[in-house]
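Every number here is computed from the coordinates shown, using simple stated rules; none is lab data. This is a predicted model, so every value here is computed, not measured. No Cβ is skipped: glycine too gets one built from the backbone with ideal geometry, and neighbour counts run over all protein chains shown.
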């Protein structure tokens, strides 16, 4: 039990300890932090005042917490991440052997503890590159049925490799950032404001350590080279996408905004929530480089999507055909070099049941069948709509979650 009060329904328990970055109210600069209950702990100031003095392996690396992002900390690798998380769990546990570090130091508490509601969160990582995959098979099948019919819903490559495309890193934004409705071409000679604006429920992973150009990662190496996971909303302009995506895939219909949660949850915090991925139906074996030695390679995270407070979606993150280590291994199979801070999106996550669609395109069957939200029939996102994605696993003191990943739609510019 923590000496700090933690609400019973908090995502930020001692079992979690997620990492993020906030704007320090005095310096105005980004400070790395961890979340605990309704508070955050400033790792920059904590480390400066001897907070890690009882963790010898971090003494020579304290500069990583003086950086405005988590990239330097991520690059230290999972062994260090696990050690820091375990140390902070002890620091925050009531009357632990490390109680003198912070519990009994009220002066330091006043310098390093902030109410989460009172601070501005910043992007936790500097994102060099962003790749969005398409690993949610139910979503891929449902969308394929809409455009190609049931018999040709999934392309022949779908169960052979993790399909993906390169997104735009510069428009990855932190939760709470407003999203402006885009303008674009929707048909020959037609330039207009997007009429079919959509959300996409996704999980995301950050790369901790990259690889050299020309040297692929194995799935085992890829698993060790992940830093942590976030919630993600890959906003999509469906009418713009429909006109532009042939032959090279989505472009401006996806590059106007991608929202991620403020907090990154480490893999070690999710160990108890591993699950089996969706099973392949193809009789053609997976290529050797994509074989995952871990049978339970994805996570069972309860995911929800709300629009203006009304629930659109309830599903699980285990509805993926490919794991993030497989996605990362495939990304590097040609020798592509990944870098610390690179972002991988899972693709839209949908379940097979009613109310489990991860986007409005699926839920409304391409806009043909409106869904009831808060007593109102809806098809696409409207100006002023607030979309909130949440995710957690476990209950009570074992609960691990991300808080919210949210954004409000602003009207398009007149151009």
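Once you have the Cα-Cα distance between residue 245 and residue 118, take 0.36 nm times their residue separation minus that, and quote the gain in nm to one decimal.
Result: 41.5 nm gained on full extension.
Hey, what angle do you get for helix 78-92 against the long axis of the chain, alpha-carbon based, 0 to 90 degrees rounded to 10?
It is inclined by approximately 60 degrees.
Modelling each spin label as a point 7 Å along the Cα-to-Cβ direction, I'd like the residue 377/residue 15 distance in nm, to one decimal.
It is 4.3 nm.
Using the Kirkwood radius over C-alpha pairs as Rh, can you work out the diffusion coefficient of segment 19-122 via Stokes-Einstein at 25 °C, viscosity 0.890 mPa s, in µm² per second?
178 µm²/s
When N is the residue count of segment 147-410, what does its C-alpha Rg come to as a fraction of 2.2 N^0.38 Å?
Compared with the compact-globule rule of thumb, segment 147-410 sits at 1.00.
Per the helix-only calculation at 222 nm, which mean residue ellipticity applies to the chain, given -39500 (n - 2.57) for every DSSP H run of n ≥ 4 and division by its residues, nearest 500 deg cm²/dmol?
When only DSSP H runs of four or more count, the value is -4500 deg cm²/dmol.
So what's the angle, to the nearest 10 degrees on a 0 to 90 scale, between helix 137-148 and the longest Cα principal axis of the chain?
20 degrees
Going by average Cβ neighbours within 10 Å, how do the peptides 63-70, 36-43 rank, with the highest at the top?
Going from most to least packed, we get 36-43, 63-70.
Tell me, what is the FRET efficiency for residue 365 and residue 215 to the nearest 0.05, using R0 = 35 angstrom and their Cβ-Cβ distance as r?
0.20
Which distance in nm do the two modelled labels at residue 352 and residue 111 give, with both placed 7 Å along the Cα-to-Cβ direction?
Taking the simple label geometry, residue 352 and residue 111 are separated by 5.7 nm.
Applying 1/(1 + (r/R0)^6) with R0 = 22 Å to the Cβ-Cβ distance of residue 195 and residue 152, what FRET efficiency is obtained, to the nearest 0.05?
Once rounded, the FRET efficiency stands at 0.20.
Quote the FRET efficiency, to the nearest 0.05, computed for residue 160 versus residue 57 with a Förster distance R0 of 41 Å and r equal to the Cβ-Cβ distance.
For R0 = 41 Å, the calculated efficiency reads 0.45.
How many percent of DSSP beta bridges within the chain run antiparallel, rounded to 5?
For the chain, the DSSP antiparallel bridge percentage is about 90.
Once the piece of chain linking residue 126 and residue 296 is laid out straight, how much longer is it, given 0.36 nm per residue of separation minus the C-alpha distance between them?
58.2 nm
Assuming 0.36 nm per residue, please report the length gained on full extension of the stretch residue 288 to residue 252 beyond their Cα-Cα distance.
So the chain would gain 9.4 nm between residue 288 and residue 252.
Over the Cα atoms of segment 102-178, compute the convex hull volume and normalise it per residue, giving Å³.
Once divided by residue count, the hull of segment 102-178 is 194 Å³.
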